[in-house]
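Every number in this text was worked out from the coordinates using simple rules, so none of it is lab data. Everything numeric here is computed off the predicted structure, so don't read it as measured data. In this analysis, Cβ positions are derived from the backbone assuming ideal geometry, glycine residues included, and neighbour counts consider all displayed protein chains.
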Amino acid sequence: MKKDKENAYGDHISHDFNNDLAALKADFLKMGGMVEEQLNNAVIALIDGDGNLADEVRAKDKIVDKLELELDEEATRIIARRQPAAKDLRLVIAVIKMVADLERVGDEAKKIAKFAMVLAEEGQAPRGYIEVRHISSHVSAMLHDALDAFARLDSEQALRVMKEDKMVDEEYKAATRTLLTFMMEDARNISRCMSVMWVLRALERVGDHACNVAEHVIFMVEGEDVRHSSVETAEKVVGR
Amino acid sequence: MNTMNPSISAKADRRDQGAEIPVPQDKPEDTVIEEGKTVGKPFVNDPKFKLRNVNVSYGSDRAIKNISIDIGKHEVISFIGPSGCGKSTFLRCLNRMNDSIQICRVEGQLMLDDEDIYHSKRDVVELRARVGMVFQKPNPFPKSIYDNVAYGPRIHGLANRKSDLDEIVENSLRKAGLWEEAKDRLDAIATGMSGGQQQRLCIARAIAVSPEVILMDEPCSALDPIATARIEELIADMSKSYTIVIVTHSMQQAARVSDRTAYFHLGHLVEVNETNKIFTSPQHELTESYITGRFG
């Protein structure tokens, strides 16, 4: 099963079935690409204080929502018409679940864009933006890697994403502490710092969703559900 | 703008990757199967049938190659695999239906409740009363519904009085889910019934002699979806009292009715496992290819 991963979903007797699965994969990655872009733009809008870009992100979230509905419909149609089994079934099930995670990432991006507008209006020297920059590039790379792992059916890469999530959690805790000291320093910072805190929280959630996507990729490739289990268990599953 | 993360530029490539329709690299025929090696769980704790190193050949053609498997008590097990994989041949070994084929030779250990099925002193008629069979096409005798069911008990001397026989017929028809439809026309000729009813009559006929095992060779392939659903419902009910072995071409049927599923390929038993496992994450590449519709 491990060799020849790129072609893993082709060569059905039915060409239409090949096409259906290829389209499902492509559409999922299209949604993934869009969500990645939304996230990156939201963070750029925040750091650059770009209200127009933040507006754009909020408007585009509707498209992400629409893609979620379309993908769910596509997956349902495949189940109804093709009755997929084994790895095909796992692909379809994993897509249904991962789509929900991507949609949530989209929501988090929208949330960040909302705070970008709030913070831009207040227009003071940013506090905590270093942390935002740092964590956002981390979670955005995780999301990227998780989607890449899906495209290449690379469970080892998915496992690496799972491990990254622990680090993001630590970074989030450290950033929270830093912001708390800013707030203690001067009570006038509290309102701004709280906004930044919400942004950090949103980013941390993105990391969780990227981790979920990675877990579904492992399920898809290895046939074993590693959700709610330790990284060590996941390592065993992937290393078999 | 994109300096934060290089991911955006890489996205387009990945999207193309996902969209391409791949060309098969490995044909399933290229996969080497090791003879006598079955992945998954071929053995159970309390077997009804214990089958070891079974080989079947028709003249010089080997149809079954060194298969070992247990079939559990009160278990429903499905045999699946592409045409010519040996699943029907193997099924027919279980009540010696292959005896009538002159060139067919069966070797290995085939035990039913620790008794040798192929022992030279074995009474085949008694064996077939214990191990009943239902065939692909319903094959009722051109007699009345009553006589079809009563035939087995009569020749096996299971009923001394008419009232006993009536009871056996009624019970068998009830178990086969046919009583309500047939009770008012027990004297009507069986071949006048619908295909699904005929097949249920054949099941009633098999049940009438109180078998321990029922073998079914594609029992639903000649039936419509409703009749199929009724037979499957019946299989689920019967599994409480009988061991059931089904050969089927319909993978969905195997997935729906059986506890375990066995995958045959070119005379080899490739994989046996719980049905859930086989249909969500099979271990063998060939099983995967077959159940996902990549060859067959």
Order of B:Glu285, B:Glu35 under a 10 Å beta carbon neighbour criterion, fewest first: B:Glu35, B:Glu285
Relative to the longest principal axis of chain A, what angle (0 to 90°, nearest 10) does the C-alpha long axis of helix A:15-48 take? 10
Does anyone have the angle between helix B:145-155 and the longest principal axis of chain B? Alpha-carbon axes, 0 to 90°, nearest 10? 80
How much space per residue, in cubic angstrom, does the convex hull of the C-alpha atoms of segment A:11-239 take up? 107
Chain B, Rg to Rh (Cα coordinates; Rh as Kirkwood inverse mean 1/r): 1.10
Helix B:225-238 axis, angle to chain B major axis (alpha carbon atoms, nearest 10°): 70
Check cross-link reach from B:Lys162 to the lysines: straight Cα distance under 23 Å, and skip same-chain residues fewer than eight apart. B:Lys143, B:Lys175, B:Lys183
Whole number please: convex hull volume per residue of the Cα set in segment B:89-146, in Å³? 124
Need the C-alpha centroid separation for segment B:223-291 versus segment B:130-196, integer Å. 27
Quick check: convex hull of the Cα atoms in the protein assembly as shown, volume per residue, rounded to a whole Å³? 179
Using a Cα-Cα cut-off of under 18 Å, which lysines could be cross-linked to A:Lys62, ignoring same-chain neighbours fewer than 8 residues away? A:Lys30, A:Lys110, A:Lys111, A:Lys114
Where the only charges are on Cβ atoms (+1 Lys, Arg; -1 Asp, Glu), what is the dipole of chain B about its Cα centre, to the nearest 20 debye? 280
Distance between segment B:60-123 and segment A:25-77 - C-alpha centres, whole angstrom: 59
Near B:Lys37, which aspartates and glutamates are there with a Cα under 19 Å away, not counting those fewer than 8 places off in the same chain? B:Glu29, B:Asp70, B:Glu107, B:Glu271, B:Glu274, B:Glu285, B:Glu288
In this model, which of A:Lys25/A:Lys66; A:Lys87/B:Lys73; B:Lys65/B:Lys121; A:Lys87/B:Lys240 are farther than 22 Å apart at the alpha-carbon? A:Lys87/B:Lys73; B:Lys65/B:Lys121; A:Lys87/B:Lys240
Can you pull the mean other chain C-beta count within 10 Å for peptide A:9-16? 5
Using Cβ contacts closer than 10 Å as the measure, can you line up B:Ser163, B:Ser68 from fewest to most? B:Ser163, B:Ser68
Using the Cα centre of chain B as origin and beta-carbon charges of +1 (Lys, Arg) and -1 (Asp, Glu), tell me which of B:Pro82, B:Leu269, B:Ala182 is placed farthest towards the positive end of the dipole. B:Ala182
